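Computed from the coordinates by the stated procedures, all read-outs in this text should not be read as laboratory data. Computed from a predicted structure; not experimentally measured. Don't worry about glycine lacking a Cβ; one is built from the backbone with ideal geometry, like all the others, and counts go over all protein chains shown.
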Amino acid sequence: MQRISQNNQTEKYIADKSIYNFPIHIEEGFLSLQPVDKMLAHWHDDIEILQVLSGCMISRVGGCDTELGAGDIIYINSRQFHLNHTESASCNYRIIQINPKIFMFSIARNSSVERLFRDMGFRFFVFGAKSQENNEISGLIDLIITEYREKREFYELDMMSLICMILRKICKNYQPSEGVSVSLSDSDMEIQREMITFIYEHFSEKITLEQIAYSGHISRSKCCKLFLEYLSQSPINFLTDYRLKESCRLLSETNKPLSEVAQICGFSEQSYYNRKFKQRYGCTPRSYRKAAKGIGDVKMKSGIPVSH
């Protein structure tokens, strides 16, 4: 897996479980105002530990926004709908994702650890930068990354041991959710996942609000309510933002004509695509492509490419 950095250099993630088939994924990266750096709304079975190294970000988990500054650490529980974005010029971060299944063979059923993973009401927990626990967890993250980079004999076991130490600190702060079943299903969140998945799979087609709502088997009004709760925007605005985000990727990574980029991303008319793109990013698709590829008379302003 690769990503494009602000200076157009390719960065590789430290680890990618999809390649190495290792149940721990470690990533170092950054967010900026540049649209290609915006994290998309997503979810996964893994538990996630994210630390902001510099700058600040807003982490939205299960419809709740939390501002994180330099040094702050957030634990995000399994299968939580979340996304991150920044309003600063740049925000550097590191993430460790762990598949909780690796612990299930060594812990008792209905233990506090298993309840933690399965408690959909316990969505996240923040360790402030000035807390003693934060300092200890940060040091453990340093050691985990060092173990992976050096790959000494039995490094996998050493990483697992360090992760267990972090997990113990998280469990100490775990308070079971009142009145919430310890199951892996939360009806509204599952519906939201289904609707987002529908958009991700069909964004290039003509999609209506009715179709988005139908994919979650709910009414249009309920659909709009859930999108506002989890993403603070309407379903159609989310669809448009995702289409524009995908168009940024195509502009950066391919030489496809602008008309083809517009069609691929679900915009039936290039003029409408150009207008929405400029409204969202303050520049034309052509100017964005020049900036992304480092060509032409284009400058960057606040992380967004604009022409002179």
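Projected label points at Ser90 and Thr208, each 7 Å from Cα along the beta carbon direction, are separated by 4.7 nanometres.
Taking 0.36 nm per residue of separation and subtracting the Cα-Cα distance, full extension of the segment from Glu190 to Gln279 would add 28.8 nm.
When Asp158, Asp45, Asp65 are sorted by how many other C-beta atoms sit within 10 angstrom of their C-beta, beginning with the fewest, the order is Asp65, Asp45, Asp158. Computed 3J(HN,Hα) for the stretch 169-174, one whole-Hz value per residue from the Karplus formula 6.51 cos²θ - 1.76 cosθ + 1.60 where θ = phi - 60°, is 5, 5, 4, 5, 9, 7, glycine and proline marked x. Fewest-first ordering of Arg115, Arg243 by other beta carbons within 10 Å of each residue's beta carbon gives Arg115, Arg243. For the pair Tyr272 and Ser259, label points projected 7 Å from Cα toward Cβ lie 1.7 nm apart.
Normalised by 2.2 N^0.38 Å, with N the number of residues, the alpha-carbon radius of gyration of the stretch 167-263 equals 1.43.
Give me the net charge of Asp142's neighbourhood, meaning all other residues with Cβ under 14 Å from the Cβ of Asp142; Lys, Arg count +1, Asp, Glu -1. Taking every Cβ under 14 Å from that of Asp142, the sum is -3.
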